[in-house]
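The values are calculated or read from the model by the stated rules, or taken from the named source; none is laboratory data. All figures in this text were calculated on a predicted structure; none of them were measured in a lab. Cβ coordinates were reconstructed from backbone atoms using ideal geometry, including for glycine residues, and neighbour counts include every protein chain displayed. Just the protein is used for accessible areas: all its heavy atoms, side chains included, with ligands, DNA and RNA removed. Shrake-Rupley method; radii C 1.70, N 1.55, O 1.52, S 1.80 Å.
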Amino acid sequence: MKLLKGVLWLVFAVIVTGIIAVVVIVNPFGPSPLNKFTKDGNLGISGLTAPVTVHRDEKGMAYIYAQNMDDLSLAQGFVAAQDRLFQMELTKLFASGRITELVGEKATGLDTRMRTLGFHRNAEKHVELLSDETRNYLQKYVDGVNAFINTRPGNIHLEFKLAGLKPTLWTITDSLTILYYMGWNSAGNAGCEVITQMLIEKLGPARAAEIFPITINPDDPVREEVDTPDLSLQIARSNIALDKTMLSYFHDSSLKIGSNNWATGPELSAGKKPVVANDPHLDATILPGPWYPCGLITPTTRSVGVTIPGLGGMTIGRTSHFAIGVTNAYNDTQDLYIETVDPGNPDNYLEGDSSLPFEVIEETLKIKDKTASDGFRKEVIKIRCTKRGPVISSVMPGLKTDKVMTVRWSGFETMAPTIGFERLQEARTVTEIRRALRDVNQVPLNFVFADSEGNFGWQTTGRVPIRTKKEGLIPYVVHDGRDNWTGWIPWEDMPHAVNPTRGWVGTCNHMTVGRDYPYYYTSWASPSYRYRRLIELMDSPGEKSVDNHWKFQRDAVNLMAKKIAPVMSRALTGHDDTRALGQILSDWNYVDSPDSAAPTIFQSVYREFALLVYSDELGDELAQKMLDNWYFWEERLQKMVIEGDSSWFDNVNTGDRKEGRDDLFHQAALNALKKLQPTLGDNPAGWLWGKVHLHEFLSPIRRSGTGKEWLGGGSHPAMGSGETLCRGMYDFNKPFNVTVSASLRMVADLGDPDKVLAVLPGGIAGRQFDPHTTDQIKSFMNGEKVYWWFSDRAIKEHTKNTLMLNPVN
């Protein structure tokens, strides 16, 4: 996962604008001697107990052979730093709230938010609780990172020089900070609560509830649709829409997370061994991509897969005994609280009749400043907290008393001696995998897995609170000292399956529990389109080969369009000025192909339609905020379209006239024509999806302007959309370039002793001008096969470089 997009990359690009042209002149195309590192020969590394061999293949991917797990972890840290230290450093600075050290005053707001949420602060607390085993596991990895920093100054990434930045030594706290940041962004419900509160304050509870999310589990035998919450709950007016400070907390994340994963049992697999497929969906536009792959081999263990740079081990991949993949579970581990400031003492907050002091935490920002004597100035910020968590809003004037908003996350309340991930590498069976995952409290994920004995399954992680109100869609109004979290959903009751009779198991971020589930699980999940399509493919007759799974990951059939496009087409063909658009839609096979015009027409018209449905009552700003959260509205609006009649179709600003669904589709098409014709021409048959739906691969040091094309990986027509298994999501308010896509495609066949099918949207190296930064883009876009090598024989056959790491006393 690439954790640093948004503000970070934007402001960093400003820093290097003046000097990047020099770098391009030095060497605009090939590998630069300024950015190479040692891949062959011998190096001495302190901390090793025995020699370690690092083979690199034709992709630049490292396969590490060590004699024990400690040496393996240390070598993994060293090798990861060789390839990705600059990426790791920026991730660390971002998650810790230290970007002001890099770019100065302009990042003060961002760093203040990161410090307020407290990933680094809580990571420091967690370090003190770690078991010796977990502490050692994390320490060995950071020892390896630091060994590279300390011993290879000539190999440090060129990007550090361009940024005027020096790499800093790593600690266990830094790795845990990244883990917490990942976990926070995997639990995205708090942003949904912001939208629901804004809708309530704009429309009132009853009207707002009409457009609250619908969550659907297609496997639920009781009923697919999950009801919206009980709005007899007391609602507090907070004037939340006026608080830009608080809203920004939910726009900083670069972890726009989705994903597909599935596992087949031996009966459904052509090779009679289980297969695990996974394509985690993230922002993969910044090179070299979010994931770092390598092979990890000792005399007793063997694994090949990926992890997050800055964290050791393997998150996705295969071992000698099992294969594993992840998606975001979206179980609700966050709550917002509306709290009352004591009108008699603004340093206190109220819980009923009790006035309690805010806890005040002081943190110091180190801000880059040319006028300061040492190049930095310090600024102390004060963070206020209640018993539930930090205050993330300004004071919001209420009707009678001032309010503030606090946020609470289970990840900070469920620290344990282990983090769970460190136990995966030595697991052998599905049972042992589930036992290791039991301790993954900080990151809410759907793991699918299979073992070499033929067992397969699915398990969710993260600790989900049991709530007194049995819902979490709207902020909780604090009236007294009673806790609305009364415990945790027991591990045994967390959603899971082992060897289901259908022969496979899979998740697509959809609602995975049914209406008979005894606990509130979440109110925010992906629309069901991707999972419904996966059901169609997996339940089709016949065994499924590795090639089938590889093809499924690039399937671009849009089931939402299959429902809505016929309705849209009929509305448009009834008018001369939109008949051509309607005809193209009527001839469409519902595949979001880059060489088809229908996806462009469908996405453009439906986007304009959604704006027309909501903007008259919500206003443009709130409508756009809601619509930018795809999961919030897509199932609800489809339901309204299919039913055909809704009061939301009528424009409240047109007096006596009453608009219907088809009127809005017609007007939406006219709006789309007006926007698309100037750039795509008058003939809609030429509006190919691949002309507007582009996947651009960008260098972290040059995201725009002169040099972007030379330094990045180019702009490519992209298949799919937000609704297809082959994910190509775009920002609603900035159509149509891809912002979320597969960040890895992997198919692991436990019957194949030699290799794993896997491709990245970039490459292995995170070094400008290194060919292994971009050499997988073509294969990623075209569906060509790329492999991780697994057996000793395959690794040896594909070795291009060999480096020996030797102990130093």
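Taking every DSSP helix (H) stretch of at least 4 residues in the chain, weighting each as -39,500 (n - 2.57) and dividing the sum by the residue count yields a mean residue ellipticity at 222 nm of -10000 deg cm²/dmol. For the stretch 745-809, the solvent-accessible area of protein heavy atoms averages 38 Å² per residue (probe radius 1.4 Å; ligands and nucleic acids excluded). Legend: helices of the chain (whole DSSP H runs) are marked when their alpha-carbon atoms reach 24 angstrom or more along the helix axis and their mean Kyte-Doolittle hydropathy is at least 0.0; marked are 69-96, 598-618. Among the listed pairs Lys551/Lys625; Lys387/Lys470; Lys470/Lys551; Lys202/Lys639; Lys36/Lys778; Lys544/Lys708, those with a Cα-Cα distance over 31 Å are Lys551/Lys625; Lys470/Lys551; Lys544/Lys708. In summary, the aspartates and glutamates within cross-link reach of Lys796, defined as a Cα separation below 18 angstrom excluding same-chain residues under 8 places away, comprise Asp40, Asp57, Glu58, Asp752, Asp754.
Spin-label model, Asn801/Val477: points 7 Å from Cα along the beta carbon direction are separated by 6.2 nm.
A probe of 1.4 angstrom, applied to the heavy atoms of all protein chains, finds Tyr141 with accessible area near 10 square angstrom.
Of the solvent-accessible surface of the chain, computed with a 1.4 Å probe over protein heavy atoms with every protein chain present, carbon and sulfur atoms account for 50 percent.
Among Asp645, Asp219, the order of accessible area from largest down is Asp645, Asp219, computed with a 1.4 Å probe on protein heavy atoms.
Full extension of the chain segment joining Thr679 with Asp547 gains 43.7 nm, where the gain is 0.36 nm per residue of separation less the Cα-Cα distance. Ordered from largest to smallest accessible area (heavy atoms of protein chains, 1.4 Å probe), the residues Lys166, Lys708 come out as Lys166, Lys708. Accessible area of Arg702 (1.4 Å probe, protein heavy atoms only, ligands and nucleic acids ignored): about 20 Å².
Counting only heavy atoms of the protein chains and using a 1.4 Å probe, Met415 has close to 40 Å² of accessible surface. Heavy-atom accessible surface of the stretch 552-673, averaged per residue, reaches 38 Å², computed with a 1.4 Å probe. The slack in the chain from Phe160 to Ser354, taken as 0.36 nm per residue of separation less the alpha-carbon distance, amounts to 64.6 nm. Selection among Asn68, Ser96, Asn146 by position relative to the dipole of the stretch 47-179 gives Ser96 as farthest towards the positive end (Cβ unit charges, Cα centre).
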